[in-house]
1. Going by what's in this entry, would A11 be described as more than 16 Å from the chain's Cα centre (by Cα) and either surrounded by fewer than 17 Cβ atoms within 10 Å (Cβ to Cβ) or aromatic (F, W, Y) (or both)?
2. If you go through the range 149-164 one residue at a time, do you hit one that is surrounded by 13 or more Cβ atoms within 10 Å (Cβ to Cβ), in contact (Cβ under 8 Å) with a residue 24 or more places away in the chain and under 23 Å from P53 (Cβ atoms)?
3. Go through the range 54-68 and give me each residue that's of a type in the set (A, V, I, L, M, F, W, C), surrounded by 14 or more Cβ atoms within 10 Å (Cβ to Cβ) and farther than 13 Å from Y81 by Cβ.
4. Would you be able to tell me the number of residues in the range 121-134 that are touching a residue at least 40 places away in the same chain (Cβ under 8 Å) and in a strand (DSSP E or B)?
5. Go through V165, V103, V91 for me and flag whichever is in a strand (DSSP E or B) and under 15 Å from the mean Cα position of the chain (by Cα).
6. State all residues of the range 48-63 that are more than 21 Å from H74 (Cα to Cα), without any contact (Cβ under 8 Å) to a residue 24 or more places away in the chain and outside any loop (DSSP other than H, G, I, E, B); if no residue qualifies, say none.
7. Against the definition (surrounded by fewer than 17 Cβ atoms within 10 Å (Cβ to Cβ), in contact with a strand residue (DSSP E or B) (Cβ under 9 Å, 6 or more places away or on another chain), of a type in the set (K, R) and within 19 Å of I134 (Cα to Cα)), how does R92 come out, yes or no?
8. What is the residue count in the range 28-47 for residues that are surrounded by fewer than 15 Cβ atoms within 10 Å (Cβ to Cβ) and either assigned to a loop (DSSP other than H, G, I, E, B) or small (G, A, S) (or both)?
Amino acid sequence: MENTVHRALWALTQNYMAVWQRHYQHLPCTDAYIGLPSPCIVSENDHQLQWQPVKRDALADFTNVEQAIALRLHSDIKDFYNAFYCADLSVRYQGEPLSLLQVWSDDDLARLQENILGHLMMQRQRKLTPSVFIATTADEMVIIAIDNMSGEVIRETLNKGTRDVIAPNLDAFLSALEVDVA
């Protein structure tokens, strides 16, 4: 069940927790998910909640997306999203701040799958090589994604269709991320 992507992502979440706790002396907090149930929630009030990552009992299934778009998703895409519940993680890649997207709950997974499907349909209409987003940047038109054919991690400009390879694979990308909790 566990593979290199799962191990690298779990190690990143544990490092995130450790850095946060060293910096703030408590579990990570956010106001982004108030009112949204999740197995990650440890405690909450009207203003924020404390959370921690949780391993899923069973891997999330992406067959619905694959069947709807008639495309097999690269295993790294599925592995990135299918093993954990977690809040999005603030990280840096080569100094650039990113928000690494994660699955907060089963409801969030359903929304994510709808967004992935919409993204892939848009790419098909524009005759672009399929990719699936895994992180956002400060520029809303620039995302970090996994190229569905090669498995390379790319920096993609949505309105221009430009793509630059930033890592040869997801493992290399995840291992190069730095936690950013300040």
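Read the figures in this text as sums done on the coordinates, not as results from a lab. On a predicted model such as this, the values are computed, not experimentally measured, just so you know. Every residue, glycine among them, receives a Cβ derived from its backbone with ideal geometry; neighbour counts consider all protein chains shown.
1. no
2. no
3. Those that are of a type in the set (A, V, I, L, M, F, W, C), surrounded by 14 or more Cβ atoms within 10 Å (Cβ to Cβ) and farther than 13 Å from Y81 by Cβ: V54, A68.
4. Narrowing the range 121-134 to residues touching a residue at least 40 places away in the same chain (Cβ under 8 Å): 121, 124, 130, 132, 134.
Then keep just the ones that are in a strand (DSSP E or B); that gives 132, 134.
Final tally of qualifying residues: 2.
5. On the way: V165 fails: under 15 Å from the mean Cα position of the chain (by Cα); V103 fails: in a strand (DSSP E or B).
Exactly one residue qualifies, and that residue is V91.
6. L49, the sole residue that qualifies.
7. Taking the combined requirement at face value, the residue satisfies it.
8. Count: 10.
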